[in-house]
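Chemist: Let me begin by handing over the structure; questions about it come next.
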Amino acid sequence: MSGSPRRGPAVYRILPSLNDYETLRLDGSGQSRLMRWQREGDEADRPTGLSAEWMDDSAPRSDFPSGSPGAPVLSRRLAERFGDELLSAGSLVPVEIGNGRRGDDYVLYVVDQVVDCLDPRRSSKPKRNGEIKRPVYLPQALPARLPAFRLPQFPRAVQWNGWAVDRLLGLTGDQIEARLTWSEDPTAKPHPDPWGF
């Protein structure tokens, strides 16, 4: 993502960069429960915590160590530096790291806000899992004041507004990869496969 100023709203998927930072593997049952809550909305499945393990304990810790599209994990330090605006779209729950070191303090960002702002006529058809490779948003319906939101058509993925991505990149430097999924700026080029690895 370039550092040039953005014109108009933009939406991104963010994930850990491929630089030499440590990433987390989330507990499968906890992640399944989170996805069930995202899909069905049953409060009994709403996560109150999550378990994880570091993939390789030798690399430096990242402030954004999870590539799961629906389970953004942030260091508590990053969440605090981002500020209270993060809580306008959801809540933070603790992540218990089985092979963690002293000082590892991470939280799962549980995004509550589901906003129907997709233009279904101009967007690509959702895949069977709900993934929309080429979304087109209705600018007047886009929740631009929120840092992040989810779509009813693809509830298992967190969509990030451009201003929030700019702030996260400013706070983490090269620890995050930001993939543009849509922009109101006609000269902007969306990532060809934003949800892939």
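The values are calculated or read from the model by the stated rules, or taken from the named source; none is laboratory data. What you are looking at is a predicted structure, and each value in this text was computed from that prediction instead of being measured. Cβ sites come from the backbone with ideal geometry, for glycine too, and all protein chains shown count toward neighbours. Surface areas here come from the heavy atoms of the whole protein model, side chains and all, with no ligands, DNA or RNA. Shrake-Rupley method; radii C 1.70, N 1.55, O 1.52, S 1.80 Å.
Chemist: Averaged over all directions, how much area does the convex hull of the C-alpha atoms of the range 46-161 cover when projected, in nm²? Before the final figure, lay out the partial values.
Modeler: Values: hull surface 32.9 nm².
Averaging across all directions leaves 8.2 nm² for the Cα convex hull.
Chemist: So what's the gap between the Cα centers of the range 110-134 and the range 79-100, to the nearest angstrom?
Modeler: 24 Å
Chemist: What's the extension gain from ARG102 to ARG145 if we count 0.36 nm per residue and subtract their Cα-Cα distance? Write out the running numbers ahead of the final one.
Modeler: Working: separation 43, 0.36 × 43 = 15.48 nm, distance 3.57 nm.
Value of the extension gain: 11.9 nm.
Chemist: Follow-up question, since we're still on this one. Helix 162-172 versus the longest principal axis of the chain: what angle, 0 to 90°, nearest 10, using Cα atoms?
Modeler: The angle comes out at about 30 degrees.
Chemist: Convert 10 °C to kelvin, take the viscosity as 1.306 mPa s, use the Kirkwood radius over C-alpha pairs of the range 81-133 as Rh, and evaluate the Stokes-Einstein diffusion coefficient in µm²/s, rounded to a whole number. Present the calculation step by step, with values, prior to reporting the outcome.
Modeler: Details: Rh = 14.5 Å.
Value of D from the Cα-based Kirkwood radius: 109 µm²/s.
Chemist: Roughly what % of DSSP beta bridges within the range 50-117 run antiparallel, to the nearest 5?
Modeler: In the range 50-117, DSSP labels about 75 percent of beta bridges as antiparallel.
Chemist: Among GLY98, SER62, SER51, which residue has its Cα furthest toward the positive end of the charge dipole of the range 42-145, with +1 on Lys/Arg Cβ and -1 on Asp/Glu Cβ?
Modeler: The Cα lying farthest towards the positive end belongs to SER62.
Chemist: Pick out which of ALA157, ALA59, ALA79 has the largest mean-square fluctuation in a Gaussian network model of the chain, springs linking Cα atoms closer than 10 Å.
Modeler: Comparing ALA157, ALA59, ALA79 in a Gaussian network model of the chain, the most mobile one is ALA59.
Chemist: In addition: So how long is each side of the range 1-92 along the principal axes, counting just the alpha-carbon atoms, biggest first, in Å?
Modeler: So the extents along the principal axes, rounded to whole Å, are 43, 38, 21.
Chemist: Pick out which of ARG128, ARG25, ARG13 has the largest mean-square fluctuation in a Gaussian network model of the chain, springs linking Cα atoms closer than 10 Å.
Modeler: ARG128
Chemist: Mind putting together the pair-distance distribution for the range 135-197? All Cα pairs, 10 Å bins, whole percent per bin, short to long.
Modeler: Going from the shortest bin to the longest, the percentages are 18, 54, 27, 1.
Chemist: Separate question: In Å³ and rounded to a whole number, note down the convex hull volume per residue for the Cα atoms of the chain. Mind showing how you got there, number by number?
Modeler: On the way: hull volume 23.1 nm³, N = 197.
Cα convex hull per residue, to the nearest whole number: 118 Å³.
Chemist: Find the all-direction average of the projected area of the Cα convex hull for the range 26-72, expressing the result in square nanometres with one decimal place.
Modeler: Details: hull surface 14.3 nm².
Projected area, direction-averaged: 3.6 nm².
Chemist: Then there's this: Tally up the carbon and sulfur contribution to the accessible surface of the chain as a whole percent, 1.4 Å probe, everything protein left in place. Spell out each step's value before the answer.
Modeler: Details: 4720 of 9850 Å².
Carbon and sulfur atoms account for 48 percent of the accessible area of the chain.
Chemist: Is there a quick way to get the dipole size of the chain? I mean about its Cα centre, with the Cβ of Lys and Arg at +1 and of Asp and Glu at -1; what is the value in debye to the nearest 20? Intermediate values should be presented prior to the final figure.
Modeler: Values: 27 positive and 27 negative charges, 162 e Å.
That gives the chain a dipole magnitude of about 780 debye.
Chemist: At 0.36 nm per residue, minus the direct Cα-Cα distance, what do ARG77 and MET35 gain on full extension? Give it in nm, one decimal, please. Present the calculation step by step, with values, prior to reporting the outcome.
Modeler: Numbers: separation 42, 0.36 × 42 = 15.12 nm, distance 2.55 nm.
Additional length available on full extension: 12.6 nm.
Chemist: Between ASP84 and ASP174, 0.36 nm times their residue separation minus their Cα-Cα distance comes to what?
Modeler: The ASP84-ASP174 span can extend by a further 30.1 nm.
Chemist: Can you give me the accessible area per residue for the range 1-100, using a 1.4 Å probe, in Å²? Spell out each step's value before the answer.
Modeler: Working: 4980 Å² over 100 residues.
Spelled out: the 1.4 Å probe surface of the range 1-100, per residue, equals 50 Å².
Chemist: Using a simple charge model, +1 on the beta-carbon of Lys and Arg, -1 on the beta-carbon of Asp and Glu, nothing else, what dipole does the range 1-114 show about its Cα centre, in debye to the nearest 20? Before the final figure, lay out the partial values.
Modeler: Working: 14 positive and 18 negative charges, 80 e Å.
Charge dipole, the range 1-114, about its Cα centre: 380 debye, nearest 20.
Chemist: Right, something else. Pull out a ≥ b ≥ c, the square roots of the eigenvalues of the alpha-carbon gyration tensor of the range 116-167, then state rounded if a/c is under 1.5, prolate if not and a/b is larger than b/c, and oblate in the remaining case. Mind showing how you got there, number by number?
Modeler: On the way: a/c = 2.13, a/b = 1.51, b/c = 1.41.
It is prolate, given that a/c is not under 1.5 and a/b is the larger ratio.
Chemist: May I ask you to give the solvent-accessible area per residue for the range 129-168, in square angstrom, as obtained with a 1.4 angstrom probe? Write down the numbers at each step before the final one.
Modeler: Numbers: 1400 Å² over 40 residues.
Using a 1.4 Å probe on heavy atoms only, each residue of the range 129-168 averages 35 Å².
Chemist: Just to be sure I understand: with springs between alpha-carbon atoms less than 10 Å apart, which residue in LEU15, LEU142, LEU108 has the highest mean-square fluctuation in the Gaussian network model of the chain?
Modeler: LEU142
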